[in-house]
Amino acid sequence: MPVILDIVFAFVIGSILFLIIFTLMGNINQAHFDKTLTTTAQINLVTIAQIIESDFLKIGYHVKDDAIQYADSSTIRFKADLKNDGDVVNVKYSLGDPIIETRNPRDFRLIREASGYSSINASVGLTSLKFTYFNSSGNVIPSPITSKNLLDSIKAIRVKIKLESLEPVYSYITGDSTYQSVFWEKTFYPRNIPREN
């Protein structure tokens with residue numbers, strides 16, 4: 001009888017140790033997958049932020065009039081000499097259609113069109129793109145902005161972007177799937193737009 005009890009206790013202790021090791025390995029794998037998706041989203045965000053920053057600082061560069069042509073909360077259209085070669089182009093940023101190829105239901109395309117230059121129609125996990133416009137007093141200009149007087153009064157543009165991972169991360173603890181997200185926000189004061197009204 002004592003031998004059977006020893007075998008049963010050894011089996012119970014072995015099962016508990018196996019369960020602990022299995023849970024630990026699951027947590028390590030989840031943390032690694034979580035870190036990989038977060039890093040990918042951060043890299044995508046940095047790339048998009050660098051392109052936007054380069055373009056937005058050049059709004060109105062070498063443009064005689066009507067630097068900003070249209071502005072609303074998810075679209076902006078402006079003129080700029082992006083390469084400092086005297087060639088003024090029309091640039092448009094907008095939120096595209098939802099993407100059905102990814103598992104993230106909130107994923108949209110980022111569309112950047114620049115006449116004569118390479119365009120971006122990227123699927124990078126973009127879930128939110130928002131533009132806010134300010135006049136010289138720092139007051140928000142309600143969008144959409146289509147009248148020339150209001151477009152000319154834009155002196156600053158705040159860009160907010162949220163990216164989420166393309167794949168969900170499953171949590172063994174809660175039993176839920178979540179998407180890793182990263183945010184970026186910056187207010188631009190384009191140097192080539194006059195500050196005075």
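So which residues in segment 52-64 are crowded, with 16+ Cβ neighbours inside 10 Å and closer than 27 Å to Lys162 by Cβ?
Matches in segment 52-64: Ile52, Asp55, Phe56, Lys58, Ile59.
Quick check, is Thr127 of a type outside the set (A, V, I, L, M, F, W, C) and part of a loop (DSSP other than H, G, I, E, B)?
When the stated conditions are applied, Thr127 does not pass them.
Please specify each residue of segment 69-124 satisfying the condition of being assigned to a loop (DSSP other than H, G, I, E, B), modelled with pLDDT of 85 or more and among the aliphatic types (A, V, I, L, M).
Correct list: Leu82, Val88.
Take Thr36 and tell me if it is out of contact with any helix residue (DSSP H, G or I) (no Cβ under 8 Å at 6 or more places or on another chain) and under 30 Å from Leu151 (Cβ atoms).
No.
Answer yes or no as to whether Asp34 is surrounded by 15 or more Cβ atoms within 10 Å (Cβ to Cβ), assigned to a helix (DSSP H, G or I) and modelled with pLDDT of 90 or more.
No, not satisfied.
Among (1) open to solvent by 20 Å² or more (accessible area, probe 1.4 Å); (2) assigned to a loop (DSSP other than H, G, I, E, B), where does Glu185 come up short?
(2)
The values are calculated or read from the model by the stated rules, or taken from the named source; none is laboratory data. Since this is a predicted model, take the numbers as computed values, not measurements. Here the Cβ is made from the backbone with ideal geometry for all residues, glycine too, and neighbour counts use every protein chain on show. Heads up: the accessible areas ignore ligands, DNA and RNA and are worked out on the full protein's heavy atoms, side chains in. Shrake-Rupley method; radii C 1.70, N 1.55, O 1.52, S 1.80 Å.
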